[in-house]
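First comes the structure, then the notes that go with it.
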Amino acid sequence: MNAARPLVWYVTPHGNGHAVRTCDIVRAFNERYPEIPVVLVARHPEVFLRHRVPSPATAIRHDGFDTGLVQHDSVRSDADASLRAALDLTVRRRDLVAAEAASLRDLRAGAVVCDIPAIPLEAARAAGIPALAAGNFSWNWIYEHMALSDPAWAPAAAAFREGYAGCDLLLRMPFHEPMSAFPRIEDIPVVASPGSDRRDEIAARTGCDPSRVWVLLSFSTLHWDAAALRRLGAMEDHAFFTVRPLEWRAPGFHALDRHEFPFCDALASCDAVLTKPGFGIVSECVVNRKPVVYAERPEWPETAPLVDGIRRFGRGAPLTMERLYAGDIRAALDAALAAPPPPETAATGGAGIAADRIRSFLP
């Protein structure tokens with residue numbers, strides 16, 4: 001009997017949220033279809049990916065096929081560097097498609113899924129295998145928004161729109177933009193699962209008083225200066241938690257080891273979350289019923305559907321960028337904690353639904 005042909009999944013290097021939801025679906029796929037190998041193509045640290053996808057059925061390849069936006073930190077992006085990177089990718093696109101198509105043929109890949117680069121979709125089409133995507137926004141949409149103020153973005157936007165046009169199916173997640181570049185779309189529920197409340201264990205490990213208001217700081221990086229850290233540390237009735245590698249050595253701050261306390265458990269154990277609006281963290285706050293203080297990012301087009309998701313399915317309060325970087329969060333945090341229950345309940349189970357739908361495209 002011939003060996004099963006592998007599924008190859010490509011994830012954008014832009015932030016951790018795409019990788020987290022990809023890993024949730026891949027893990028569900030591994031559990032349902034352990035006989036089918038998966039190759040996860042990503043630039044994220046292997047320890048980060050392997051912690052979320054432990055199955056030996058998934059191999060990890062360190063590579064990437066889009067540039068997203070170049071970030072100063074988790075909240076602020078560098079428009080000039082982002083444009084240079086996107087245009088360089090556009091120039092190299094045809095060569096990258098040809099090389100990746102050859103790689104897929106050599107691997108005898110059965111199908112490709114992207115979240116949400118376009119080049120591997122074009123490579124899958126060239127290799128004659130199904131080309132699938134999963135996500136809640138597309139890079140053409142982001143770049144078209146950037147082109148409104150700087151037309152130099154137009155070639156990158158057009159390249160992504162053209163690449164997405166050959167996709168066989170988009171599994172569209174909640175809190176989405178229209179994603180009109182994709183010819184065939186199926187909506188799936190939230191891709192996130194509740195964590196376990198381990199507050200007593202965390203208190204024992206860190207020595208933190210469990211009667212304080214615990215706030216999870218959900219960022220990859222954030223540039224707080226000494227004055228901001230002092231302002232936060234002065235909130236003596238509060239405690240602030242991060243999951244390493246994010247860590248501040250300052251009074252009132254506690255860094256958790258993700259191997260002992262996975263991010264989802266840290267979130268479930270805290271009273272509220274401070275973050276930027278992103279699909280992954282919004283989804284996890286919704287399913288764990290945690291209020292969220294979110295940094296306002298009016299220049300980032302994905303903000304609007306995500307904030308709408310918070311208002312419909314969660315609880316939260318906005319925080320200006322000025323107040324975020326000053327560490328002045330008390331008023332927004334109090335507002336989020338006092339917010340009424342959400343008016344709607346979000347459907348969940350998206351990871352399993354996506355895994356089954358993807359399996360239907362494999363030989």
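Between the amide H of Arg61 and those of Leu40, Val41, Ala42, distances stay under 5 Å, these residues lying 5 or more places away or on another chain, with hydrogens modeled in the peptide plane.
With the helix formula -39500 (n - 2.57) applied to DSSP H stretches of n ≥ 4, the chain reaches a computed 222 nm mean residue ellipticity of -12500 deg cm²/dmol. In terms of its Cα atoms, the stretch 99-214 spans 57, 43, 26 Å along the principal axes, sorted from long to short. Loop-located trypsin sites (Lys or Arg not before Pro) in the stretch 223-273 (DSSP state other than H, G, I, E, B) with a sparse environment of at most 13 neighbouring Cβ atoms within 10 Å: Arg249.
Positive end of the dipole of the stretch 220-361 (Cβ unit charges, origin at the Cα centre): among Leu306, Ser220, Pro291, the Cα lying farthest that way belongs to Leu306.
Annotation: peptides 327-333, 67-73, ranked by per-residue average of other Cβ atoms within 10 Å with the highest first, follow the order 327-333, 67-73.
Regarding the stretch 199-338, what whole-number volume in Å³ per residue does the convex hull of its Cα atoms give? Walk me through the intermediate numbers first.
On the way: hull volume 14.2 nm³, N = 140.
So the per-residue Cα hull volume is 101 Å³.
Taken over the stretch 269-345, the alpha-carbon convex hull comes to 81 cubic angstrom per residue.
Mean sequence separation of contacting Cα pairs (under 8 Å, at least six apart), scaled by the length of the chain, corresponds to a relative contact order of 16 percent.
Database remark: amide H of Ala111 closer than 5 angstrom to the amide H of Val8 (H placed geometrically; neighbours at sequence offset of 5 or more, or on other chains; Pro and chain starts carry no H).
Amide H contacts of Leu216: Phe241, Asp271, Ala272, Val273, Leu274, each under 5 Å away and 5 or more positions distant or on a separate chain (H built 1.01 Å from N in the peptide plane; Pro and chain starts excluded). Whole-Hz Karplus values for the stretch 246-262 come out as 5, 7, 10, 8, 8, x, x, 10, 9, 9, 9, 7, 5, 6, 8, 10, x Hz, taken residue by residue from phi with 6.51 cos²θ - 1.76 cosθ + 1.60 and θ = phi - 60°; glycine and proline positions read x.
Magnitude of the Cβ-charge dipole of the chain, K/R +1 and D/E -1, about the Cα centre, nearest 20 debye?
Values: 39 positive and 44 negative charges, 113 e Å.
Using Cβ point charges on Lys, Arg, Asp and Glu, the chain gives about 540 debye.
Relative to the dominant Cα principal axis of the chain, helix 350-359 is inclined by about 10°. Calculated on the alpha-carbon coordinates, the convex hull of the chain measures out at 127 cubic angstrom per residue.
Could you order peptides 238-245, 167-174 by the average number of other Cβ atoms within 10 Å of their residues, highest first? Don't skip to the end; give the middle numbers.
Working: 238-245: 18.8, 167-174: 22.6.
Put in order of decreasing packing, that is 167-174, 238-245.
With no solvent and one point per C-alpha, what does the Debye sum give as log10 I(q)/I(0) for the stretch 1-137 at q = 0.17 Å⁻¹? Summing over Cα pairs of the stretch 1-137 leads to -0.93.
Values quoted throughout were computed directly from the atomic coordinates according to the rules given, and no laboratory measurement underlies them. Quick caveat: nothing in here was measured; it's all calculated off a predicted structure. Note that each Cβ is placed from the backbone with ideal geometry, even for glycine, and that neighbours are counted across all protein chains shown.
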